Amino acid sequence: MGHGLSCARDGDEHDFFRAAQAGDLDALEGLLAADPALARRATIYDRLTALHVAAANGCLPVVSMFLSRGVRPDVLSRSKQTPLMLAAMHGQIDCALALLAAGANILMFDSVQARTCLHHAAYNGHADCLRAILAAARTTPVTDSWGFARFVNVRDEHGATPLHLAARQGRPECVHLLLESGAIVSAPTGSYGFPGSAPLHLAARGGHMGCVRELLAWGADRVQRDSAGRIAYAVARKRGHGACAALLNPSAAEPMVWPSPLKFIGELEADARALLEAALAEANLERENKILLSLKGSSKHSPPSPSSSSSDAGAGDEDDEEGEDELCSICFEQACSIEVQDCGHQMCAGCTLALCCHSKPNPTTLTLLPPACPFCRSCISRLVVAGSKAKGPALVAGDDAEEKAAASPRLSLRRSRRSREGSSSFKGLSSAMGSLSSKIGRGSGRMAVDSDALLLDKPVLHDLP
Ligand SMILES: [Zn+2]
Ligand SMILES: [Zn+2]
């Protein structure tokens, strides 16, 4: 650990800081009994207090003891670092929590690169500390003075946000947490390392697949250029990160993007969210495997043409809840696992993503359309896991589904998909979703599942962006 001892003044002080580092509570209390002023003493060179030392080394009893004796949690070292920053830097979650509980200020900037505790947690990849700090940011006065969103995107003196640092250092879990908390995915740095770099450039530079994956799934723009005019693809190639480059190649299939509108649907129920996230990850993994496979020269498969099947929007029935309620009536591949509220329509997680979440977050305007139910066009107020009948992502065997399709006029919708090979896998779904998305993307003004029969009393909003 970097925060040990440096030149203490005399024997007692040396023992005192040594005991703080080792978490020797008895020795500390003995020394404090003899000289209470020791509690506020700092090391000569770094000006670290015993609270700093204990926090950096994860000695919770010592941290608690000092806090209970009235030592301020925000005492500063020479480089203006707080004990909380050191705990975040070294992943000492227990100490971080104790300091936060004691009211440690999360919006302090050190004098090294003007970084906050959030930067230090992200840079070093301590997701638990990052999570604790974000949780504190939702409840402390920081939210009033700065606003939570601004705090998540706080910049150091080089213009790097915590997201830039996590992407650069290859910390996918931190990248995920930050994006989920509202970090701006395409923010360019100021002068940090490589000027004008977005987090995607920095992840590409290090060849960090996990981070690239997360960033793409949150709508990072593959054609965004840094101040040297390079897109992330070029950066990855120059560095020899072939697999990363393949994913970043703007001509490779578009990744599926976590729908920014969904972030704003109240509190997305945890189970529903998990289902959607799993569907997203699976679709993107499928896509990734294809890209990487073709990278290895196995050009056996060509992506299914999105428009090869008839795209007529067939007639649908209003009564979704009756009959084959387990089978998603959009893709006919997956079980209905997500229910839209308040209308009660159901579909699978993949289709929910593809249909309710078709628009990438716009990095410049951040304008968001409220997501609408693809069946009735009513505003989605909430997504929940479909009723107890839902069996998760159970797949329906081809023949079985064929029979069902024959039995129901509703299921005859887009039956041609049925004949695709490899019905056992997600492949079908992801290409179906690709097809749907591309339809929507073309702005045909008519979504595949729209039909007059599906309309309730709401007007259809045509011409999606
Ligand atoms: Zn579906
Ligand atoms: Zn609906």
Pairs where the first residue, in region 119-137, is of a type in the set (Asp, Glu) and the second is assigned to a helix (DSSP H, G or I) and surrounded by 24 or more Cβ atoms within 10 Å (Cβ to Cβ), C-beta under 9 Å, 6+ apart: ASP128/ALA96; ASP128/ALA121
Regarding region 58-65, can at least one residue be identified that is closer than 27 Å to GLN113 by Cβ and over 33 Å from the mean Cα position of the chain (by Cα)? no
Which of the helices (runs of 4 or more DSSP H) contained wholly in region 55-164 include at least 2 residues that are of a type in the set (A, V, I, L, M, F, W, C), under 19 Å from VAL185 (Cα atoms) and touching a helix residue (DSSP H, G or I) at 6+ places or on another chain (Cβ under 7 Å)? 117-124, 127-139, 148-152
Hey, among GLY344, GLY350, GLY314, which residue is within 20 Å of GLU269 (Cβ to Cβ), surrounded by fewer than 18 Cβ atoms within 10 Å (Cβ to Cβ) and either modelled with pLDDT of 75 or more or within 16 Å of ligand 1 (Cβ to nearest atom) (or both)? GLY344
Residues of region 205-263 satisfying the condition of being crowded, with 23+ Cβ neighbours inside 10 Å and on the phi > 0 side of the Ramachandran plot: none
Among the residues of region 231-258, the number that are within 21 Å of the chain's Cα centre (by Cα), over 15 Å from ASN289 (Cβ atoms) and part of a loop (DSSP other than H, G, I, E, B) is 3
Tell me, yes or no, whether region 321-329 has at least one residue that is under 23 Å from LEU268 (Cα atoms), in a loop (DSSP other than H, G, I, E, B) and modelled with pLDDT under 50. yes
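The values are calculated or read from the model by the stated rules, or taken from the named source; none is laboratory data. Every value quoted in this text rests on a predicted model; they were computed, and no experiment measured them. Every residue, glycine among them, receives a Cβ derived from its backbone with ideal geometry; neighbour counts consider all protein chains shown.
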